[in-house]
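Derivation of every value follows stated rules applied to the coordinates shown; laboratory data play no part. Fair warning: this is a prediction, and the values are worked out from it, not measured in the lab. Please note: Cβ atoms are built from the backbone with ideal geometry, for glycine as well, and neighbour counts cover all protein chains shown.
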Amino acid sequence: MTTVVLLRHGRSTANTAGVLAGRSPGVLLDDAGREQAEAVAARLAGISLDALVSSPMERCQQTLVPLAAATGLPVRTEARLAEVDYGDWTGRALKDLGSEPLWRTVQAHPSAAVFPGGEGLAAVGVRAVAAIRDLVAELGPDAVVLVCSHGDVIKAVLADALGLHLDGFQRIVVAPASLSVVRYTPLRPFVERVNDSGELGSLRPPTPPEPSADPSTDSDSTGRSDPAGQDSAGISDAVPGGVTR
């Protein structure tokens, strides 16, 4: 069995700013994200890794710096594990995206979602899964490889490993600096961990904001409170790019 450890990058400056970073250059880890990267290296100190593979995005490369230093392994860059090309959505505030017609497609029918000026989520799934499968074939049955990538990319890989249609991948949560583990056998993959961050505090939902004096400011035309973002996306909506906390 080849073991693939899927690591989402640590919390970034875009996560805290509430914007969809996509492939924007210069998006780095914030102070909490750097601490998360150090903590991941400490968590994995007892694991013998055979390879470190990363998305080209700076926030992923930065997340792997402590682990590379601890293991002495070089970081291999894999372009197919890059962030989703969100096209015209790149750099926009999450709170503004909920009013876009494409938002509901991203939520309910992501396999049909193609970002304007960017790529489709189905294409993301194809390239990401192919990259993982190629690594498995290359590294062999006894290897343990750590891959650092992005929320939607990891969710697509997990959906494939679970035998889940891409339209169900929004049911999966992958938080910053979380670990998910898939073991690949000749017959099928086995998913052993999903969104494991080693803490349980985030299981309690954040306290909702107090309603404002003007009810018109608390919901959009659909009656949802705040149409986008981690808490404002509506309780049943997923955040493009992955949760931010």
Inset, instruction - Please determine, in degrees from 0 to 90 and to the nearest 10, the orientation of helix 151-161 with respect to the longest principal axis defined by the Cα atoms of the chain, where the helix direction is its Cα long axis. - result: 60 degrees
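Under the Kirkwood approximation applied to all pairs of distinct alpha-carbon atoms, what is the hydrodynamic radius of the stretch 131-184 in Å?
On the way: mean 1/r = 0.0833 Å⁻¹.
About 12.0 Å for the stretch 131-184.
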Inset, instruction - Using only Cα atoms, find the angle between the long axis of helix 31-43 and the longest principal axis of the chain, and express it within 0 to 90 degrees, rounded to the nearest 10. - result: 30 degrees
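Write down the percent of antiparallel bridges among all DSSP beta bridges whose residues are both part of the chain, to the nearest 5.
Working: 14 of 27 bridges.
Antiparallel: roughly 50 percent of the beta bridges in the chain.
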Inset, instruction - Would you mind working out the magnitude of the charge dipole of the chain relative to its Cα centre, with +1 at each Lys and Arg C-beta and -1 at each Asp and Glu C-beta, to the nearest 20 Debye? - result: 540 debye
Legend entry - Residues Thr2, Thr71, Thr63 arranged by fewest to most Cβ contacts within 10 Å: Thr71, Thr2, Thr63
Inset, instruction - Can you put Leu121, Leu139 in order of Cβ neighbours within 10 angstrom, beginning with the fewest? - result: Leu139, Leu121
Legend entry - the stretch 1-62: relative contact order in percent, alpha carbon pairs under 8 Å with at least 6 residues between: 40 percent
Legend entry - Cα long-axis angle, helix 121-139 against the chain (0 to 90 degrees, to the nearest 10): 20 degrees
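Going by C-beta contacts inside 10 Å, put Arg34, Arg76 in order with the fewest on the left.
Details: Arg34 17, Arg76 12.
Ordered by Cβ neighbours within 10 Å, fewest first: Arg76, Arg34.
In whole percent, what relative contact order does the chain give with Cα contacts below 8 Å and a gap of six or more residues? Spell out each step's value before the answer.
On the way: 479 pairs, mean separation 66.5, N = 245.
Computed over the chain, the figure is 27 percent.
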Legend entry - Under 10 Å, Cβ to Cβ, from Asn195 - net charge with Lys/Arg +1 and Asp/Glu -1: +2
Inset, instruction - For the chain, set up a Gaussian network in which alpha carbons nearer than 10 Å are linked by springs, and say which option among Asp96, Asp134, Asp85 fluctuates the most. - result: Asp134
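Count charges around Asp134 for me, please; just the other residues with Cβ under 10 Å from its Cβ, Lys/Arg as +1, Asp/Glu as -1.
Summing Lys and Arg as +1 and Asp and Glu as -1 gives 0.
Using the Kirkwood formula over every pair of different C-alpha atoms, what hydrodynamic radius in Å results for the stretch 68-141? Working shown, then result.
Details: mean 1/r = 0.0686 Å⁻¹.
In the stretch 68-141 this quantity evaluates to 14.6 Å.
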